[in-house]
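**Q** So that we are looking at the same thing, I have put the structure below in structure tokens.
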Amino acid sequence: MRPTVRRLAASTAAAGMLVLAGCSAPATPDGAAGGTTLVVATSDEPDALNPVLNYGVDGAALIFDGLVARDADNRLVAALATALPELSPDGRTVTAKLRDGVRFHDGSTLTATDVAFTYQAVLDPKVDSTLRSDLDMVESVTAPDAATVVFRLRYPYAPFLQRLTLGIVPSKLLSGQDINTAGFNRKPVGTGPYKVESWTPGDRLVLTANESYFAGRPTNNRVVVAFVADDNVRAQRMRAGEFDAAELPPKLASGFDADSAYRVQRVPTADYRGVMLPTGNPVLADPAVRRALNLAVDRAAMVSGILGGAGEPAFGPIPPTSEFADPSIVGPTVDPTAAGALLDAAGWTPGPGGVRVKDGQPARFTLMYPASDTLRKDLALAVTADAKKIGIQVTPAGLTWDAIDPRMKSDALLMGYGTPYDPDFVSYKLFSSQFAGQGYFNPGFYRSEVTDRALQQGRDQIDPTLRRAAYAQFQKQLAADVPWLFLTYLRHTYVLKSSVRGVAPRVEAHEHGVANSLWWNIDTWTRS
């Protein structure tokens, strides 16, 4: 998908080293007052640190807590709520009870009013929250008393409890303000394990331990999140010892494998890359072309060559780690001969230069990708080479997102999405016909009554068995229609100093970055 975060690079490695010099003083023992500082590096910097404006919505915000959180297996657990919220028999009322004595970083007490305010702010049309459509089932949020929150839904929505990972903000600091421009967005106050000490845009976010955190004080005193957009610079600075952990592309991370001072963590994800095939393109509108391409692309070669083994072939949008994954969707074996036969039968015959032609239309199309993304560029070039083998000419085009936006209706695009949580979270908007042409959701105008019905049943049905049946139908229909060429699931690769302890990898989403990465539980990390 199009990034929702800025990607800012330090101008040089030396400049970045100077900036972080204040964070590299000798550490005192972990857990001691004034203890260890941990420094982690990522490429992505958020636009704001406000959950209402889409920060840390999946339950790993470091600064905030939601009513519920996710554990190391991505299972829901109670957080600010005393237990998982209760669902009424009709599926339309959800009630949560709050823990006693939870305080915000400024010392004020968390109440149900703060919870209600947070969700009401997301739903407020005057607030520029990208989360509003995710909560369109919410009719009202009320606080009948200081410890009780009641959500009333317009219709039953099976995964609603998973929407309650949203971090809670203090109503007294934002009530009556323009949330879009509030100073809170840069210096927030939450209930989480860390408080914001400082944020230097384009450089770093410094967090300090919340001494009175309800779940226990962090085992370290400070966390610095360094923003370094350039992969090579980030790797150089990791090698120089500046970081305790850094996310790196697979090829750069592999350079640390033989060094005993480091260890490389390759984390399974639901983060897939694939080619969106627009139905408005005269070539790609033909199902035979899409199915032939699906037979031609060599996913295993992409994983071994481009990802250096840090990934798996992808054949659909629901990852194999999900309880909703249909095991029958294993994808086609690479078969250029069968792909050619499909094209022959559909009337695409070899033409000048080996490019197939049908009714005077050459089998060619443009494949766009964001020019700054080297992984997507490499995947686009691999698709181009595989397509050429079956007589389809693909022109790869590295463009800015502003240039990509108006062309998605007619040109293919190498995209990234994926969630390990509930399949409704991404797939409903990405493949439902009601979202056709709405920005980066269903930009290729894919329409299928079977898919629409399956997606709707998947969110309507509370019974897990019925939900699994609905999503099985959804996956089968996508495999038949091929609106996307699913290519690979990534493994996010991180390099850590060998001295770091307490790391607990879990299946990650496409969107990660500051908090929802390998360091989601950094409040429990130590250094030996």
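**Q** Would you mind telling me which numbered condition in (1) open to solvent by 40 Å² or more (accessible area, probe 1.4 Å); (2) touching a Lys or Arg at 6+ places or on another chain (Cβ under 7 Å); (3) within 30 Å of Pro201 (Cα to Cα); (4) hydroxyl-bearing (Ser, Thr, Tyr) Thr524 fails?
**A** Condition (2) is where Thr524 drops out.
**Q** Looking at region 364-383, which of its residues are surrounded by fewer than 17 Cβ atoms within 10 Å (Cβ to Cβ), under 20 Å from the mean Cα position of the chain (by Cα) and either aromatic (Phe, Trp, Tyr) or under 17 Å from Gly444 (Cβ atoms) (or both)?
**A** none
**Q** Has region 10-18 got any residue that is buried (at least 23 other Cβ atoms within 10 Å of the Cβ) and either at pLDDT 80 or above or of a type outside the set (Gly, Ala, Ser) (or both)?
**A** No, region 10-18 has no match at all.
**Q** Now a separate question. Look through region 98-128, keep the residues that are open to solvent by 10 Å² or more (accessible area, probe 1.4 Å) and among the polar types (S, T, N, Q), and return whichever of them is nearest to Arg152 (Cα to Cα).
**A** Gln120
**Q** Restricted to region 386-434, and to residues that are in a strand (DSSP E or B) and polar (S, T, N, Q), which residue is farthest from the chain's Cα centre (by Cα)?
**A** Gln393
**Q** From the list Ile329, Ile318, which residue is of a type outside the set (Asp, Glu), in contact with a Gly (Cβ under 6 Å, 6 or more places away or on another chain) and either modelled with pLDDT under 95 or not in a strand (DSSP E or B) (or both)?
**A** That would be Ile329, the only listed residue that is of a type outside the set (Asp, Glu), in contact with a Gly (Cβ under 6 Å, 6 or more places away or on another chain) and either modelled with pLDDT under 95 or not in a strand (DSSP E or B) (or both).
**Q** Still on this structure, I have one more. For Thr142, which of the numbered conditions (1) among the polar types (S, T, N, Q); (2) open to solvent by 40 Å² or more (accessible area, probe 1.4 Å); (3) under 24 Å from the mean Cα position of the chain (by Cα) fails to hold?
**A** (3)
**Q** Sticking with this structure for a sec: One residue is enough: does region 434-442 have a residue meeting the conditions within 30 Å of Arg506 (Cβ to Cβ), among the small types (Gly, Ala, Ser) and open to solvent by 20 Å² or more (accessible area, probe 1.4 Å)?
**A** yes
**Q** Of the residues in region 295-315, how many are assigned to a loop (DSSP other than H, G, I, E, B), buried (at least 18 other Cβ atoms within 10 Å of the Cβ) and touching a Ser or Thr at 6+ places or on another chain (Cβ under 8 Å)?
**A** Keep residues of region 295-315 that are assigned to a loop (DSSP other than H, G, I, E, B), which gives 297-298, 307-310, 314-315.
Retained after the next criterion (residues that are buried (at least 18 other Cβ atoms within 10 Å of the Cβ)): 297-298, 307, 310, 314-315.
Filter once more, so that each one left must be touching a Ser or Thr at 6+ places or on another chain (Cβ under 8 Å): 307, 310, 314.
So the count comes out to 3.
**Q** List the strands (runs of 3 or more DSSP E) inside region 194-276, counting only whole elements, that have at least 1 residues being buried (at least 20 other Cβ atoms within 10 Å of the Cβ), among the polar types (S, T, N, Q) and touching a strand residue (DSSP E or B) at 6+ places or on another chain (Cβ under 7 Å).
**A** In region 194-276, the matching strands (runs of 3 or more DSSP E) lie at 262-276.
**Q** Right, another one. For region 438-455: of the residues being touching a helix residue (DSSP H, G or I) at 6+ places or on another chain (Cβ under 7 Å) and aromatic (Phe, Trp, Tyr), which is farthest from Gly280 (Cα to Cα)?
**A** Phe441
**Q** Of the conditions (1) within 24 Å of Ser499 (Cβ to Cβ); (2) among the acidic types (Asp, Glu); (3) surrounded by fewer than 21 Cβ atoms within 10 Å (Cβ to Cβ), Asp286 fails just one. Which one is it?
**A** Condition not satisfied by Asp286: (1).
**Q** Ala83: surrounded by 15 or more Cβ atoms within 10 Å (Cβ to Cβ), within 28 Å of the chain's Cα centre (by Cα) and assigned to a loop (DSSP other than H, G, I, E, B), yes or no?
**A** So Ala83 fails the test.
The values are calculated or read from the model by the stated rules, or taken from the named source; none is laboratory data. Being a predicted model, the structure only gives us computed values, none of them experimental. Ideal geometry is used to build each Cβ from the backbone, glycine not excepted, and the neighbour counts take in all protein chains shown. Protein only, heavy atoms only, side chains kept; ligands, DNA and RNA dropped before computing areas. Shrake-Rupley method; radii C 1.70, N 1.55, O 1.52, S 1.80 Å.
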